[in-house]
Amino acid sequence: MLMKRGFRGGVHPLPNKLTSDKKIEKAKLPSRVVIPLRQHIGAPCDPVVEKGAKVKVGQKIGDSPAAVSAPVHSTISGTVSEISTQLLPTGDRVPAIVIEADDGDEWIETKGLDPEKASREEMISKIRECGLVGMGGAGFPTHVKLNPPKEKRIDTLIINGAECEPYITADHRLMLEEGEKIIEGAKIIAKILGVDNILIGIEDNKPDAIDNMDRLGGESVRVVPLKTRYPQGDERHLIKAILGREVPAGGLPFDVGVVVQNVGTTKAIYEAVTQGIPLVERVVTITGDVKESKNLLVRIGTLFSSLIQECGGPVGNTRKVIAGGPMMGFAQYVDVPVVKTTNCILVFSEERVREEEESPCIRCGRCIEVCPMGLMPTMLVKFTRAKKPEMCLEYNIMSCDECGCCAYVCPSKIPIVHVIREGKKAVRRLKK
Amino acid sequence: MIEEIAVLGSLGFFFSTLLVVMSKRFAVQMDERVERVRELLPGASCGACGFGGCDDFAEALVKDPSLLGNCRLMGADERRRAGALLGIEVKETWWMVANVRCAGGSKVLFDWVGEKTCSAASSLGEGVLACKYGCIGLGDCVRACPFGAIELRGNTPVVDEDKCRGCGLCVNACPRGVIKLIPKDAKVIIRCNSPEPGKVVAAACPNGCIACKLCEKACQVGAIKIENNLPVIDQSLCTSCGACVEACKRKVLVLRFPKPLATPHAS
Amino acid sequence: MENLLSIVIAAVFINNIVLTKFLGLCPFFGVSTRVRNALMMGLAVTFVMSCASILTWLIYEYLLIPFEIEYMRIVAFILVIASFVQLVEIVIRKTLPDLYRAFGIYLPLITTNCAILGVTLINVEVESYSFVASAVNGLATGLGFSLALFMMAGMRERLEISEQPVSFRGLPIAFITASLLALAFQGFSGMVE
Amino acid sequence: MIPGFKPLVSTSPHIKDKVSVRGIMLAVVIALIPATASGVYLFGLHALLVVVASITSAVISEFLGYKAMGKKFTMDGSAVITGLLLALCLPPTVPIWMPVVGSSFAILIGKCAFGGLGQNIFNPALVGRAFLTLSWPALMTTWVSPFDGVSTATPLGEWHAGHGYTPVENLFFGNVAGCIGETSALAILIGGIFLIAMKYVDWRTPLSYIGTVGILMWLLGEPPLFHIFAGGLFLGAFFMATDYVTSPVTKTGRVVFGVGAGLLVVMIRMYGGFPEGVCYSILIMNGFTPLIDRFTRPKVYGVMKKREGGK
Amino acid sequence: MKVQEFTKGLVKKNPVLVLALGLCPTLAITTRVENALGMAFSFAFVLIFSNLLISAIKGFIPKDVRIPTFIVIIASFVTIIDLFIHGYSPSLYEQLGIFLPLITVNCIILGRAEAFASKRPLGETLLDTAGMSAGFALIIVLISGIREFFGTGGIVIFGHQFLPFILSSPATGMILPPGAFLVMGILLAMLKKMGVV
């Protein structure tokens, strides 16, 4: 099959990758962490520790019997000071465990498996116990993803190193500094899934990462350079670009025989399986209008404010603090903790946030041109605003990924994504 | 003359015979009651009954007369006649009107930009207001009203009770559940929707009910009970004395002057 | 052949029955709110128009002229058309109830669609067409009607999701749209002859 | 979290492209400058007066129209373009009241009645022009030759009357009779290429439009270059058929639009009563635009069977 | 109560404006006020007499064939007025063209027959049809006045210039088809703005 390296539509925002040559540094140990009991798609965990309990790093503090869920672990050693409702970066309020640190950084004992000898089930249960979820953004529990329904034949594993959003360099640095772990992790996943074909998709604006992974991957893991274009990192478009397959609407990559894992998750899988280390820290890019942009290895549950301080504090009058990239991240209004899916903290000062007033749609068609899903955002906006959810459905509104390309290019500055979310709400109401 | 009559007459005869034969062969059973019920429906096709419009509703009614209460717009007279047509007895129902249970004034959590509807605003973070139950004031209810009965004054919707027909579309449109239907003869109403404890309300909004129970104590007939941190008024006991309104420090309770209620609805 | 072609072009574009002759306006404004309904209505009208052209021509030629009662044409024609439409209505109601619902009151009103009587009168009175020419004219006029209705329905669907000033919403803007469409169709004037 | 942090919340994306409505409109105006300049150069000061009158009354009409609608008037430049385009497709000799009437009609009926910017179905400038042609046909078909102002016919008028073909180089540089802005293909081409290069207009529309006219004329045994350069085809193809608001939003749709308009131009020129059909061809295709949009929806990712429009 | 049956036709239930019926002649023959007057007269004649007849014989018409019956009745009256105008004023006959016979299928007439005359007694039918006729006349004279003035520069009725002033450069577009739709659209919008319809 001919390798296609692109997909339909997409945009080219300024990359602004200010931190691509900054080595990953270990962040200062936080004195207090807030660990939400739901950092993933699926059921929230129930706390398994009580207020006042002493916990160590890596100790499980929340778990759930539900099939789609992932346990959470303490990320510092200290005392549980409260169990209360806290705000997630996504704006949801969920129960969370707050831990005050003690002086030490005492870990629980961890035990790994030998991937050569361990069974598939053992490895999957290890991954679950370590609380692994997709670290690229959505947070889908990894053990569920690695255990596809029997009837789906998986033939390809794709490691997602595209990192198409501007500003973020966490995955890029990982590929440069922890390449070996990623390659080994990929091999473990391939073994679990029983596939031979392992591909790593990397955008061609990261030639050093492509070289490094190509060198380390050797014969078994092949690197596929991709055209630099947002949203290349969306797994649907990655699959389309690399394999030319289209995931059916409403379906999952399983349905076309593919499993996609983010590089960060792959590295975490390696550490979990071979050493039994739970997911307690991750790389976060802190950038934008801060004194010194950094890639930090951060304990989960660390508050945004302390990380921004660690980067020298904000520059100018801060107007927006965004969890995630500028295209799909969430704007924050109070201090929130880093969670398993937080790949970037973006600080925007007044100068960078120039919100222009909306003007009428002039039907320029730019949104249609850039929509990677082949939708007609302008029509969706009009149907939503005219209260015609049945027409929204007719124009496939539910296929929208909210990648934001349409709103990015809109010359009329219509908040298209916001409107489409409203349209989806109306459609869901219609279906009821 | 005779020829002309013969020609036209035979044409007419031919076609009418054809039509009679065809209409017999292709006869369709039509329930006449559907049409007659349909005539009694208000015809706004507002959809509040849960059907696609008055036509659909009329058809459903013939099959299941008990749905008659679903239509909130029908006048008492029409309802009675429709009931007679469908063979059920209709009890007199009081007319409902929409009531906005928020006086506005909650603190704003953050500046925001985006789609200017209440529904869209309430999906930003936890909603733009410190009070999660308060009116956002962007007029989703105004747009939902098919009768133009709601208008925004400043940031608060005001219901014109002469135009309101109690269809409840605004109730569904409000993402915060601020609007409730109340009987048109309700004597005292409350202007707060937050079931949060007094401390939380006081921190978020100067106009909210803090469940201080002064009204409960002031009421001489025992018509007010605080439930879920909000006063619940038993309108049948209320004497419109206004003691509770006097007692309320935050002006949450409002006394409506009882209106003449002889004809619940005249279309 | 050339002649028939010019009849077709004239009927569809130049003398479009709706936009230049103002016939069939009731369904033009009534049924043009949905593209699908417009297509159905166009088909129905085209069908009835073709059949009516043929029927009335035959009656005119072989009944009215021999008995010298041409002045009774209005009564005779409308009788034929009304009966024919009623027939179609009865059949559709039984066989295609969905279609019948969609047409609503407009199906019976095809009878009083002045375009149909208009075309039959044009055939025998204004143009004195031959049998074949009448049939072709009936068909082409129906197509012209369908075209105008189809375009109008597309535009009105778009108007529905845009924001006109309150006083223009609905029928007023539909008229103005029709006006501008008629203006555009002026471009065809002078074609053929 | 940060001292003095005044949070601003919105949905993603948090960065936006620089392109704005006003910027696009400004670019179109700039692109029209060569055509306007050549018109004034060829036909003198009266032409300039027509242009100024047209733009001024268009802007004033829009202001009044928006006021009547109760909408906020913003100087987004769209009215300027309407006024300018209308002036460019008027004969240079028209009395000054005509562009005033034309652009008021264009803006008030063609645009404001539909709800203002973005809502209109027909290109306002062409609506204005078609109305003027319909109402004052004599004034709208009085032509003069450049520089000297002697009464003459347009190249297409000559051709329609059977007087042969004007040399293509005259048409290219604009040394012929015609509307103020349409005679010089070169001047229009400069502006058009600028717009295409800046990605403000899609090349598909002008290419398919002009291409269709050229190929069909060639098939019918007419000199294609003459028909491409004569009349208002260039102005129409680059500036009017590409009007965002009134042309299809999809790429396929734009090709359909161009081909359809080209077909109509050939039909009207060859068989119609008018020597020129650009204005009407675009107006008629404007009428088809909603249907074209509806039937040329792009293929949706992951949706295997594309369903037909309608319910 | 009874008077309302008449007055409702003028504005509140004006057949053209509110019910959007009978549009064809409203737009087609309103190029001259003269034609409009002729049309209004013929229309009133047919509407009133045919509906009176229908109201009178409503008990005898079988439901299934009522519409053809109505139409035949209407067509007969149209034939009468057709012959009358042909003989009385050939020039007007020429002007009205096929729109005179087409009164037969004017939706207003059939609509009133179906909705009113076939259900109500004679007296009410007379008032109703008279009101509808007056409403129709009002609108077509108004529209034709506007179109003739702007389209030809003045208003000429039976050879007399009706207005004291004329336009020097009339817009011929107004008496052509686009003008008809335009005037109607703007009229409707204005009436809507004033809250009439």
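The values are calculated or read from the model by the stated rules, or taken from the named source; none is laboratory data. These numbers come from a predicted model, not from an experiment. Positions of Cβ are backbone-derived with ideal geometry, glycine not excepted, and every protein chain shown enters the neighbour counts. Please note that ligands, DNA and RNA were not included when accessible areas were found on the heavy atoms of the full protein model with its side chains. Shrake-Rupley method; radii C 1.70, N 1.55, O 1.52, S 1.80 Å.
Here are a few things to note about the model shown:
- Checked against the criterion of being closer than 20 Å to C:CYS114 by Cβ, open to solvent by less than 60 Å² (accessible area, probe 1.4 Å) and more than 11 Å from chain C (Cβ to nearest Cβ), the range E:18-29 contains not a single residue that satisfies it.
- Residue match in the range A:165-175 (condition: among the polar types (S, T, N, Q) and buried (at least 18 other Cβ atoms within 10 Å of the Cβ)): yes
- Test: E:PHE70 is buried (at least 24 other Cβ atoms within 10 Å of the Cβ), in contact with an Asp or Glu (Cβ under 8 Å, 6 or more places away or on another chain) and within 14 Å of chain C (Cβ to nearest Cβ): yes
- Residues in the range D:218-246 that are of a type in the set (Ser, Thr, Tyr) and either open to solvent by 10 Å² or more (accessible area, probe 1.4 Å) or farther than 19 Å from D:ARG204 by Cα (or both): D:THR242, D:TYR244.
- The residues of the range C:27-41 that are in contact with a Ser or Thr (Cβ under 9 Å, 6 or more places away or on another chain) and either surrounded by 24 or more Cβ atoms within 10 Å (Cβ to Cβ) or not in a helix (DSSP H, G or I) (or both), listed by number, are C:ALA38, C:MET41.
- Of all positions in the range A:71-81, none carries a residue that is more than 14 Å from chain B (Cβ to nearest Cβ), open to solvent by 40 Å² or more (accessible area, probe 1.4 Å), within 27 Å of the chain's Cα centre (by Cα) and within 19 Å of A:VAL48 (Cβ to Cβ).
- Filtered residue count, the range D:71-116, keeping only those that are in a helix (DSSP H, G or I) and within 14 Å of chain C (Cβ to nearest Cβ): 8
- Residue in the range A:30-49 that is open to solvent by less than 50 Å² (accessible area, probe 1.4 Å), part of a loop (DSSP other than H, G, I, E, B) and within 18 Å of A:SER306 (Cβ to Cβ) present: yes
- Some residue of the range D:32-52 being polar (S, T, N, Q), part of a helix (DSSP H, G or I) and within 14 Å of chain A (Cβ to nearest Cβ): no
Residues are listed down the side, and each one gets a yes or a no for (1) crowded, with 24+ Cβ neighbours inside 10 Å; (2) at pLDDT 95 or above; (3) out of contact with any Cys (no Cβ under 9 Å at 6 or more places or on another chain):
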{"position": "A:GLY312", "(1), (2), (3)": "no, no, yes"}
{"position": "A:GLY316", "(1), (2), (3)": "no, no, yes"}
{"position": "A:ARG319", "(1), (2), (3)": "no, no, yes"}
{"position": "A:MET328", "(1), (2), (3)": "no, no, no"}
{"position": "A:THR341", "(1), (2), (3)": "yes, no, yes"}
{"position": "A:SER349", "(1), (2), (3)": "no, no, yes"}
{"position": "A:VAL353", "(1), (2), (3)": "no, no, yes"}
{"position": "A:GLU356", "(1), (2), (3)": "no, no, yes"}
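- Selection count where residues are within 12 Å of D:PRO91 (Cα to Cα) and part of a loop (DSSP other than H, G, I, E, B), scope the range D:137-161: 7
- On the stretch given as the range E:145-188, residues that are assigned to a loop (DSSP other than H, G, I, E, B), in contact (Cβ under 8 Å) with a residue 24 or more places away in the chain and open to solvent by less than 50 Å² (accessible area, probe 1.4 Å) total 1.
- Residue match in the range C:8-25 (condition: on the phi > 0 side of the Ramachandran plot and at pLDDT below 90): yes
- For the range B:117-159, a residue qualifies if it is outside any helix (DSSP H, G or I), within 22 Å of the chain's Cα centre (by Cα) and surrounded by fewer than 18 Cβ atoms within 10 Å (Cβ to Cβ), and the qualifying residues are B:PRO146, B:PHE147, B:GLY148, B:GLU151, B:LEU152, B:ARG153, B:ASN155, B:THR156, B:VAL158.
- Counted residues, the range D:275-304 - those being assigned to a loop (DSSP other than H, G, I, E, B) and without any contact (Cβ under 8 Å) to a residue 40 or more places away in the chain: 7
- Test result for C:GLY187, facing chain D (nearest Cβ under 10 Å), surrounded by 24 or more Cβ atoms within 10 Å (Cβ to Cβ) and small (Gly, Ala, Ser): yes
- Looking across the range A:367-401, just one residue is within 8 Å of chain D (Cβ to nearest Cβ), charged (D, E, K, R) and over 15 Å from A:VAL427 (Cβ atoms), and that is A:GLU369.
- The range C:110-161, subset open to solvent by less than 10 Å² (accessible area, probe 1.4 Å) and assigned to a loop (DSSP other than H, G, I, E, B), residue nearest to the other protein chains (Cβ to nearest Cβ): C:THR112
- One residue from C:ARG93, C:ARG169 being surrounded by fewer than 19 Cβ atoms within 10 Å (Cβ to Cβ), over 19 Å from the mean Cα position of the chain (by Cα) and either within 9 Å of another protein chain (Cβ to nearest Cβ) or not hydrophobic (A, V, I, L, M, F, W, C) (or both): C:ARG169
- Restricting E:LEU191, E:LEU142, E:LEU126 to residues that are over 25 Å from D:PRO95 (Cβ atoms), aliphatic (A, V, I, L, M), within 14 Å of another protein chain (Cβ to nearest Cβ) and not in a loop (DSSP other than H, G, I, E, B) narrows the list to E:LEU191.
- Selection within the range A:1-26 - farther than 19 Å from A:TYR167 by Cα and either crowded, with 18+ Cβ neighbours inside 10 Å or at pLDDT 90 or above (or both): A:PHE7, A:GLY9, A:LYS26
This table checks each residue for (1) within 13 Å of A:GLY365 (Cβ to Cβ); (2) at pLDDT below 95; (3) open to solvent by less than 10 Å² (accessible area, probe 1.4 Å).
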| residue | (1), (2), (3) |
| --- | --- |
| A:PRO377 | yes, no, yes |
| A:LEU380 | no, no, yes |
| A:ARG385 | no, yes, no |
| A:GLU390 | no, yes, no |
| A:LEU393 | no, yes, no |
| A:ASN396 | no, yes, no |
| A:SER399 | no, yes, no |
| A:CYS403 | no, yes, no |
| A:CYS406 | yes, no, no |
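- Criterion applied to A:ILE322, A:ILE345 was being assigned to a strand (DSSP E or B), more than 8 Å from chain D (Cβ to nearest Cβ) and of a type in the set (Val, Ile, Thr), and the one residue passing it is A:ILE345.
- Applying the criterion of being within 24 Å of E:PHE149 (Cβ to Cβ) and open to solvent by 10 Å² or more (accessible area, probe 1.4 Å) to the residues of the range D:117-135, the residue that is farthest from the other protein chains (Cβ to nearest Cβ) is D:ARG129.
- Residue match in the range D:198-215 (condition: farther than 30 Å from D:GLY149 by Cβ, without any contact (Cβ under 8 Å) to a residue 40 or more places away in the chain and open to solvent by less than 30 Å² (accessible area, probe 1.4 Å)): yes
- The range A:238-267 - residue that is within 13 Å of chain D (Cβ to nearest Cβ) and part of a helix (DSSP H, G or I) and, of those, most open to solvent (accessible area, probe 1.4 Å): A:ASP255
- Criterion applied to D:THR252, D:THR212 was being over 30 Å from D:GLU158 (Cβ atoms), more than 14 Å from the chain's Cα centre (by Cα) and assigned to a helix (DSSP H, G or I), and the one residue passing it is D:THR252.
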